[in-house]
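Here is the structure we will look at.
The values are calculated or read from the model by the stated rules, or taken from the named source; none is laboratory data. Note that the coordinates shown come from a computational prediction; the quantities given were computed from them, not determined experimentally. Neighbour counts are summed over all protein chains in view; Cβ atoms, including those assigned to glycine, are modelled from backbone coordinates with ideal geometry. The area values use the complete protein model at the heavy-atom level, side chains included, leaving out ligands, DNA and RNA. Shrake-Rupley method; radii C 1.70, N 1.55, O 1.52, S 1.80 Å.
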Amino acid sequence: MYKMIARNSLFMRALPDVHVDAILSQATWRHFERGETLFMQEDSADAIHIVLDGWVKLYRMTRGGTEAVVSVFTRGESFGEAVALRKLPYPVSGEAATNCEVMHIPTNVMLQLVKQDPEVALSILSSTFTHLHGLVTQLEQLKAKTAPQRVAEFLLALCDGTSEDCTIQLPYDKVLIAGRLGMKPESLSRAFSRLGTYGVRIDKSSAIISDVQRLRDYARDDG
């Protein structure tokens, strides 16, 4: 099952088919418990990672000792491509946000393929661009959207495109959701309360949205 998830990941889909089996044969799989460290900031990057199940968070520690969440990845998403191929230290730390399964592709395997086939390098560039685009979108949300709108967009991304009602299980704890969206936990609680006006109800670790289209209109409102 995990090989199929890996094959369908954005990173693998971008690679020439002829190389996929060779990569999978040399990759390793590992289970991480929630809170377990994948790697620490400044560790040497020696692999590209693909999440096969669960959620992984990347974060940095500020000089003041505060944890700043950079990104969160889930099934089928990859990370670490750029630093691994340049053999640079990780600029972030990686931690299992939930129990998760992660595939690791050794850097030397990818470097060898890049030397053999330039198309592999183009595929890696494509994956790196996707990460950059995601960070630009995240920055736009922080600058242009209110806290409730950012929370609304987060919830909508979990609704699978439906335009009616939707009940979703929050994928990880609310402290991490707040960090991912660039706010404090108390601000997240206020945002959830504000979204009650737009048909959102929080029940423990679930979010019930009575009118997805109404919430979508609110999230897109530029004021």
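Against the main long axis of the alpha-carbon atoms of the chain, helix 107-116 sits at an angle near 70°.
Packing, taken as the mean count of other beta carbons within 10 Å per residue, orders the peptides 176-188, 116-128 from highest to lowest as 176-188, 116-128.
On a per residue basis, the chain carries 53 Å² of accessible surface, using protein heavy atoms and a 1.4 Å probe.
The ellipsoid equivalent to the alpha-carbon distribution of the chain has semi-axes of 33, 19, 16 angstrom, derived from the gyration tensor eigenvalues as √(5λ) and listed largest first. Each residue was assigned an accessible area with a 1.4 Å probe, and for His31 the value is about 80 Å². Taking the chain as a whole, the Cys residues whose C-beta sits 4.7 Å or farther from every other Cys C-beta are Cys100.
Taking the 1.4 Å solvent-accessible surface of the chain as the whole, the part contributed by carbon and sulfur is 52%.
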